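**Q** One structure coming up, written as structure tokens, with questions to follow.
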Ligand code: HEM
């Protein structure tokens, strides 16, 4: 027994019962958020699950969420193992999500500015124009629109135009297929490795590499003519490569430079799609959101960047509430770097772990009537999300979403424009959203809404 374990009386960690070999994979694949909540209620803040023969320690609840950001949490947990398959697949040495400690900080420092909300400064109205053009292309009046797919094209258009001046729409399907295979096989390991031999995946991956090479060529060409203060994310990554190749070697460029699509595509597409559902499903919320966005755009199609968020409390509440109930990251995956004790349980060095940060989203203790869609929870004095460890849609600790503030603007502007411009309806008022869990939890791909017409 390790020195850590010898020093205190330990609790016995429950094993969640499952079926041979598959373990708990079916329950988890069905509804991972619910699975973790149910286990937390039944077994407490620490338990073990088995997925395809592999054991995972799960820690969940507010203490687990806050643990990610503490010194002990940073020393005890790392992301490396979960991402090394992806890093290897691209022949890279390291990538942001898979590094820890100083090495992680080094990469995060290079990319911080490019992923920040400042990168959108002065470009809100351009984003609105991109969004409006997407409506003309992908949301025709009278049609039933597959929402998630339409949103995937929307976010690719937005990110591509902002970052490289053009949208790589012809690569959307390839990016999606690559994310699907890599996350399922190499990161969450819910599918066997043999799938990576599938020609469909190989072709998609080659296309993503091709996209990365185009982005690198774009960055190289700009390097000598763009002033350092005007650099975007691509420029900063290229500058790091050209000026400090030991930090950003050529081998790591593709995975870093296509990062925004991998990190932003499914996350934003799933979240915006879920917001379409939640707002249409709640007519009283819809009326409040309509009123707000109509006022915002009353004098034209441009917005004042200053104080934008404050002008849209109902929409912001709807976005936050949707992210609480439909989190795209149900749990964070980590490995224990050493033996440590969490809530009286011994976690052993090398154990694969899930940190169930979203469990609290569904607990009445933190969000009274947690299953109720209530957009006013976030307003003071209630501010339910402010309870430490209660609300973590963007993760926690050193790997907290680097694109968080950029994503917040992308979400609010996109949704403001969706609800200002489009008159949408669900299949029926009784329609209940079906969800998918892989590669990223969110609305099912067959979730459709009908475009009744244009509101403006
Ligand atoms: C609805 C929108 C989004 C949500 C809910 C979200 C959520 C998350 C979460 C939970 C993580 C942490 C994963 C972990 O700890 O293992 C993360 C990481 C990250 N996200 Fe986001 N994300 C969103 C949008 C975006 C966008 C639009 C971008 C950039 C274009 C972005 C860039 C990143 C990056 C670069 C990381 C890695 C940070 C690191 O490892 O240090 N995200 N995101």
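The values are calculated or read from the model by the stated rules, or taken from the named source; none is laboratory data. From a predicted model like this one, the values you see are computed outputs, not experimental measurements. Cβ: placed from backbone, ideal geometry, glycine included. Neighbour counts: every protein chain shown.
**Q** Would you mind finding the one in 342, 362 that is closer than 18 Å to residue 39 by Cβ, more than 24 Å from the chain's Cα centre (by Cα), more than 13 Å from the ligand (Cβ to nearest atom) and crowded, with 17+ Cβ neighbours inside 10 Å?
**A** Going through 342, 362 in turn, just one is closer than 18 Å to residue 39 by Cβ, more than 24 Å from the chain's Cα centre (by Cα), more than 13 Å from the ligand (Cβ to nearest atom) and crowded, with 17+ Cβ neighbours inside 10 Å: 342.
**Q** Something else now. Applying the selection to the range 290-320, what residues are part of a helix (DSSP H, G or I) and either on the phi > 0 side of the Ramachandran plot or away from the ligand (no atom under 16 Å from the Cβ) (or both)? Even if it seems obvious, please write down each step before you answer.
**A** Going through the range 290-320, the residues part of a helix (DSSP H, G or I) turn out to be 290-296, 309-311, 313-320.
Listed by number, the residues that qualify are 290, 291, 292, 293, 294, 295, 296, 310, 311, 313, 314.
**Q** Across the range 113-131, which residue is surrounded by the most Cβ atoms within 10 Å (Cβ to Cβ) among those that are assigned to a loop (DSSP other than H, G, I, E, B) and more than 13 Å from the ligand (Cβ to nearest atom)?
**A** Step by step, filter the range 113-131, then rank; the result is 123.
**Q** Follow-up question, since we're still on this one. In the range 89-112, what residues are in contact with a strand residue (DSSP E or B) (Cβ under 7 Å, 6 or more places away or on another chain) and within 9 Å of the ligand (Cβ to nearest atom)? Don't jump to the end; show me each part of the working.
**A** Taking the range 89-112 first, the residues in contact with a strand residue (DSSP E or B) (Cβ under 7 Å, 6 or more places away or on another chain) are 100.
None; the set is empty.
**Q** For residue 372, are the conditions met, namely being away from the ligand (no atom under 16 Å from the Cβ) and touching a helix residue (DSSP H, G or I) at 6+ places or on another chain (Cβ under 8 Å)?
**A** On the way: away from the ligand (no atom under 16 Å from the Cβ): yes; touching a helix residue (DSSP H, G or I) at 6+ places or on another chain (Cβ under 8 Å): no.
Answer is no for this residue.
**Q** If a residue has to be more than 9 Å from the ligand (Cβ to nearest atom), in a loop (DSSP other than H, G, I, E, B) and either in contact with a strand residue (DSSP E or B) (Cβ under 8 Å, 6 or more places away or on another chain) or over 19 Å from residue 274 (Cα atoms) (or both) to count, how many in the range 384-433 make the cut?
**A** Count: 7.
**Q** Among the candidates 52, 86, single out the residue that is in contact (Cβ under 8 Å) with a residue 40 or more places away in the chain and away from the ligand (no atom under 14 Å from the Cβ).
**A** 52
**Q** Now, a different point. Given the condition assigned to a strand (DSSP E or B) and crowded, with 20+ Cβ neighbours inside 10 Å, answer yes or no: does some residue in the range 321-331 qualify?
**A** no
**Q** Can you find even one residue in the range 69-80 that is over 24 Å from the mean Cα position of the chain (by Cα), at pLDDT below 95 and more than 16 Å from the ligand (Cβ to nearest atom)?
**A** No: zero hits.
**Q** A further question on this structure: Working only within the range 234-254, note down all residues that are closer than 19 Å to residue 99 by Cα and in a helix (DSSP H, G or I). Working first, answer last.
**A** Filtering the range 234-254 down to residues closer than 19 Å to residue 99 by Cα leaves 236-237, 240-241, 244-254.
Residues satisfying the conditions are 236, 237, 240, 241, 250, 251, 252, 253, 254.
**Q** Next question, about the same structure. Checking residue 284 against (1) more than 16 Å from the ligand (Cβ to nearest atom); (2) outside any loop (DSSP other than H, G, I, E, B); (3) in contact with a helix residue (DSSP H, G or I) (Cβ under 6 Å, 6 or more places away or on another chain), which single condition isn't satisfied?
**A** Among (1) more than 16 Å from the ligand (Cβ to nearest atom); (2) outside any loop (DSSP other than H, G, I, E, B); (3) in contact with a helix residue (DSSP H, G or I) (Cβ under 6 Å, 6 or more places away or on another chain), residue 284 violates only (3).
**Q** Only one of these is modelled with pLDDT under 95, surrounded by fewer than 18 Cβ atoms within 10 Å (Cβ to Cβ) and in a loop (DSSP other than H, G, I, E, B): 380, 372. Name it.
**A** Of 380, 372, the one residue that is modelled with pLDDT under 95, surrounded by fewer than 18 Cβ atoms within 10 Å (Cβ to Cβ) and in a loop (DSSP other than H, G, I, E, B) is 380.
**Q** Would you call residue 211 in contact (Cβ under 8 Å) with a residue 40 or more places away in the chain and within 20 Å of the chain's Cα centre (by Cα)? Quick ask: steps written out before the conclusion?
**A** Working: in contact (Cβ under 8 Å) with a residue 40 or more places away in the chain: yes; within 20 Å of the chain's Cα centre (by Cα): no.
For residue 211, the condition - in contact (Cβ under 8 Å) with a residue 40 or more places away in the chain and within 20 Å of the chain's Cα centre (by Cα) - is not met.
**Q** Is it the case that the range 118-137 has a residue that's modelled with pLDDT of 95 or more and within 30 Å of residue 356 (Cβ to Cβ)?
**A** No, that holds for no residue.
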